[in-house]
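Asks: Handing you a structure now.
No value in this document is a laboratory result; all are computed from the given coordinates. Predicted, not measured: the structure shown is a model, and the values here were computed from it. Positions of Cβ are generated from backbone atoms using ideal geometry, with glycine treated the same way; all protein chains shown enter the neighbour counts.
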Amino acid sequence: MKPHALSLVLLAGALALLPPATAAAQGFEMSKSGDQQIQVYADNGIEWHSEELRVIARGNAHAIRGTMTVDADVLTAHYRKGPKGDEIWRLDADGNVVIRSPTDTATGAKGIYDLDKAVFVLKGAPARLVTPTEAFEATDSLEYWELQKMAVLRGNAIATQEGKKLQGDVLTAHFKDKDPNAGTKGKPGAPAAARPAAPAAKPGGGAASDSDNGLELKRADAYGNVVLTTATETISGDRGDYNVETGIATVSGSAKIVREGSNQLEGGWAHVNLNTGVSKMFAGTPGGSDTGKRVQGYFIPRKGGDKGGASFSAGVPGARGSDAANQDGNR
């Protein structure tokens with residue numbers, strides 16, 4: 001069946017006041033596409049409700065603007081009267097939602113793209129965001145803020161990057177445009193298991209793919225039931241943060257480090273250098289005063305000639321937060 005098509009050429013309006021997109025536009029930037037028109041395609045027809053100021057596209061629907069595409073079973077475009085004609089200010093997507101740029105992909109069951117605020121929200125089980133180097137998912141919702149280049153994930157939120165995983169009840173991810181020269185640094189992409197299959201190409205746009213552009217994680221913060229997992233250890237606590245540029249992660253609030261062999265440390269907060277593999281546990285809070293509590297270590301010796309291989313524990317004196325930071329430099 002030949003899809004119905006409708007070119008909404010009147011929809012630049014107020015959006016044209018934003019800076020036009022450049023040829024090297026990166027990430028999700030549908031609100032920055034300047035005077036480019038929005039084209040809508042659908043297999044089962046397009047309804048124009050002039051009194052309600054909305055357009056509904058049903059059946060394998062696509063809204064395309066420049067290099068950005070929003071796909072769904074049903075798309076509803078809300079518009080208003082502007083100084084230069086009708087202008088779309090919001091897209092509602094329902095069913096099998098896919099938001100794609102040339103390099104990044106976001107998916108969910110339902111979505112709202114507010115072009116005025118340059119924000120989209122996805123809901124799904126789960127909602128996912130995949131960049132050339134990271135993968136994110138959450139069971140409740142995923143928000144992406146274009147101007148701030150920030151994602152907020154709620155509900156069993158997980159971020160995966162190069163064999164490392166950070167999860168929590170809520171996770172915020174701060175991005176930067178990917179360095180075009182990053183490929184020369186040998187930085188691999190996210191694990192294949194964490195990356196959903198790329199959607200098929202749609203009219204007017206292609207599926208997202210790895211490239212020299214796109215979003216790249218700069219920092220991630222996790223709140224509630226935080227777990228940071230690496231190839232050799234698991235760090236848990238109430239709050240965590242990971243600075244990608246320094247490779248330093250901290251986890252605070254009843255922090256625990258568990259290494260291979262069930263060896264573990266418990267204390268106030270953990271300082272983990274993911275580049276060197278060195279982890280430290282301290283009492284108190286980061287930058288705070290000594291609480292007087294000791295850091296506890298539990299170690300299980302390897303079975304060899306010893307009898308029974310019994311476990312043992314040892315108390316390690318805690319260090320003040322300020323001293324901890326001095327021991328390993330700035331985070």
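Asks: Please go through the residue pairs K165/K218; K123/K164; K164/K256; K165/K256; K164/K218 and name each one whose alpha carbons sit more than 20 Å apart in this structure.
Replies: Result: K123/K164 exceed 20 Å.
Asks: For a quick check of your reading of the filter: which GluC sites (Glu not before Pro) in region 39-140 sit in a DSSP loop and have no more than 13 other Cβ atoms within 10 Å?
Replies: Qualifying residues, ordered by number: E51, E52.
Asks: Find how much the distance from T246 to L53 grows on full extension, using 0.36 nm per residue of separation minus their present alpha carbon separation; answer in nm with one decimal.
Replies: 64.5 nm
Asks: Under 15 Å from a label point 7 Å along Cα→Cβ of A231: give me every residue in region 246-287 with its amide N that close.
Replies: 260, 274-278
Asks: Oh, and also: Please report the relative contact order for region 64-131, taking Cα pairs under 8 Å with a sequence separation of at least 6, and give it as a percent rounded to a whole number.
Replies: 26
Asks: To continue, here is another question. What does the extension gain come out to for F299 and H174, with contour length at 0.36 nm per residue minus their alpha carbon separation?
Replies: Between F299 and H174, full extension yields an extra 41.3 nm.
Asks: Could you list H78, H271 so that the one with the fewest beta carbons within 10 Å of its beta carbon is first and the one with the most is last?
Replies: H78, H271
Asks: Could you tell me the distance between the Cα centroids of region 58-134 and region 236-250, to the nearest Å?
Replies: When both Cα centres are located, 31 Å separates them.
Asks: To make sure I understand, if each residue's beta carbon is the centre and we count other beta carbons within 10 Å, what order do Y41, Y144 fall in, fewest to most?
Replies: Final ranking by Cβ density, sparse to dense: Y41, Y144.
Asks: If you add up the charges near V258, with Lys and Arg at +1 and Asp and Glu at -1, over every other residue whose beta carbon is less than 12 angstrom from its beta carbon, what do you get?
Replies: -1
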